[in-house]
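The structure under discussion appears below in the form of structure tokens.
No value in this document is a laboratory result; all are computed from the given coordinates. Because the structure is a prediction, the values reported are computed rather than measured. Here the Cβ positions follow ideal geometry from the backbone for every residue, glycine too, while neighbour counts run over all protein chains shown.
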Amino acid sequence: MPRTFFIAIVIALSGFAIAADRGNDIKFSGWVIDSACAYTKGLDKPISPACARACAKNGSPLVLLRDDGTIFMPIDANTPASSQNPRLMPFAGLRVTVSGKEYVRNGSHGLVIDKIAKDDKPARH
């Protein structure tokens, strides 16, 4: 009985590993903005880099706001996961081009960032 139980657990866990979402490759331009402003103020870009940095230093997670208004929560692919604010802080309040793996769940967009760079091109609306 214990061996059968062990085999059943291994098969069940293997199924979870196979069912894991691998994400979709994505690349876009947008703004690094603090999450509070992105959701509560309805901004289409940050007020200023200083404001975005101040909010992030105070604990607000930085997010990526694509030109079409889609908000991406930067996430870590590692376990245990860590905040992505330190990686995004140099870009707070700036326009960037970013690429990585997108994960969509119930309308929310998570992004494991592969590359991020400042984008000096004007926004397209």
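Calculate the length of the line joining the C-alpha centroid of the stretch 44-67 to that of the stretch 94-109, in whole Å.
Spelled out, the Cα-based centre of one part sits 16 Å from the other.
What are the ³J(HN,Hα) values, in whole Hz, obtained from phi via the Karplus relation 6.51 cos²θ - 1.76 cosθ + 1.60 with θ = phi - 60°, for each residue of the stretch 49-61 in sequence order, with x given for Gly and Pro?
So the Karplus estimates, Gly and Pro as x, are x, 4, 5, 4, 5, 4, 5, 5, 5, 8, x, 6, x Hz.
Normalised by the number of residues in the stretch 78-123, what is the relative contact order in percent for Cα pairs under 8 Å and 6+ residues apart? Before the final figure, lay out the partial values.
Numbers: 41 pairs, mean separation 16.1, N = 46.
Computed over the stretch 78-123, the figure is 35 percent.
For a quick protection proxy, order the peptides 27-34, 76-83 by their average other-Cβ count within 10 Å, most packed first. Write out the running numbers ahead of the final one.
Numbers: 27-34: 22.2, 76-83: 10.1.
Going from most to least packed, we get 27-34, 76-83.
Using 0.36 nm per residue, how much length does the chain from residue 70 to residue 106 gain when fully extended, once their Cα-Cα distance is taken away? Kindly include the intermediate steps, with their values, before the conclusion.
Details: separation 36, 0.36 × 36 = 12.96 nm, distance 1.35 nm.
The residue 70-residue 106 span can extend by a further 11.6 nm.
Sort 51-58, 36-43 for me by packing, meaning the mean count of neighbouring Cβ atoms within 10 Å per residue, highest on top. Walk me through the intermediate numbers first.
Working: 51-58: 17.4, 36-43: 14.0.
Descending packing order for the listed peptides: 51-58, 36-43.
Among 73, 98, 88, which residue has its Cα furthest toward the positive end of the charge dipole of the stretch 44-125, with +1 on Lys/Arg Cβ and -1 on Asp/Glu Cβ?
88
Which value in nm describes the separation of the simple spin-label points at residue 117 and residue 35, placed 7 Å from the Cα toward the beta carbon?
In this crude spin-label approximation the distance works out to 2.9 nm.
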